[in-house]
Amino acid sequence: MKFVADRMLGRLARWLRLLGYDTLGIGKQENEDDLLLELAGKERRILLSRDEILIRRALKNGTAAYRVRSSGIMEQLMELKKEFDIGFEPEMDRCSLCNSPIRRVKPAEMGLVREKDYVYPEMLESGTEFWICEACGQVYWQGKHWENIKERVEKLKEL
Ligand SMILES: [Zn+2]
């Protein structure tokens, strides 16, 4: 199951990637709606939008699409659970910024991590494991942010 989300749903797109789902987003541009419809159709992605007109256009073309009703992120995720039965297992799998696959950083490549100003020296010394996005170079680790994500999805599972 793959998605493409409109710009209004950028946060939802990042969460879907964290949950391991291939989710494209596109930047602000002319003919944004046309591009979204084209991507959804060509790559067989489910179009996610809050725009009813866009969703109607997609469905008319035979493209899978879902109109997101809620504005809060947790509610949006619950909607997708009901509609598509998405799983709530966060994975170190996909870059939450650009949707490309991420992979573990090998010991010989620690230079790639060290050069990021958002990586604290303590983390480098404590044997923290790192992942890197091949496409945009973003570095990830399972820190407080990760714990927070896991806690939030655990709560969703109970609903
Ligand atoms: Zn990336």
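Throughout, read-outs are computed from the coordinates displayed, never taken from laboratory work. Please read all numbers here as calculations on a predicted model, not as lab measurements. Every residue, glycine as well, gets a Cβ built from its backbone with ideal geometry; the counts of neighbours run over all protein chains shown.
Overview of results
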{"item": "In degrees, nearest ten, helix 144-158 long axis to first principal axis of the chain (Cα)", "result": "40 degrees"}
{"item": "Rg/Rg_globular for the range 3-84, with Rg_globular taken as 2.2 N^0.38 Å and Rg from C-alpha atoms", "result": "0.99"}
{"item": "Which of 123, 73, 138, positive extreme of dipole for the chain (C-beta unit charges)", "result": "73"}
{"item": "Environment charge at residue 1 (Cβ cut-off 15 Å; Lys +1, Arg +1, Asp -1, Glu -1)", "result": "-1"}
{"item": "Estimated dipole of the range 102-141 in Debye, rounded to 20 [Cβ of Lys and Arg +1, of Asp and Glu -1, Cα centre]", "result": "160 debye"}
{"item": "P(r), alpha carbons of the range 102-141 - 10 Å bins starting at zero, rounded %", "result": "31, 64, 5"}
{"item": "With Cα atoms, 0 to 90° folded angle of helix 73-84 axis to the chain main axis", "result": "60 degrees"}
{"item": "Hydrodynamic radius by Kirkwood, which averages 1/r over all alpha carbon pairs of the chain, in angstrom", "result": "17.0 Å"}
{"item": "Separation in nanometres of the label points that stand 7 Å from Cα toward Cβ, at residue 152 and residue 126", "result": "2.1 nm"}
{"item": "Qualifying aspartates and glutamates (Cα of each under 20 Å from Cα of residue 60; at least 8 residues distant if same chain)", "result": "6, 32, 33, 34, 38, 43, 51, 52, 83"}
{"item": "Angle in degrees between helix 32-42 and the longest Cα principal axis of the chain, rounded to the nearest 10", "result": "80 degrees"}
{"item": "Of 2/116; 2/155; 81/157; 2/81; 81/155, pairs whose Cα-Cα distance is over 19 Å", "result": "2/116; 2/155"}
{"item": "Pair-distance profile P(r), taking every C-alpha pair of the range 1-43, with 5 angstrom steps and integer %", "result": "5, 25, 33, 22, 12, 3, 0"}
{"item": "Dipole moment magnitude, nearest 20 debye, the chain about Cα centre, only Lys, Arg, Asp, Glu C-beta charged", "result": "400 debye"}
{"item": "Potential extension, residue 144-residue 84 segment - 0.36 nm per residue separation minus Cα distance", "result": "18.7 nm"}
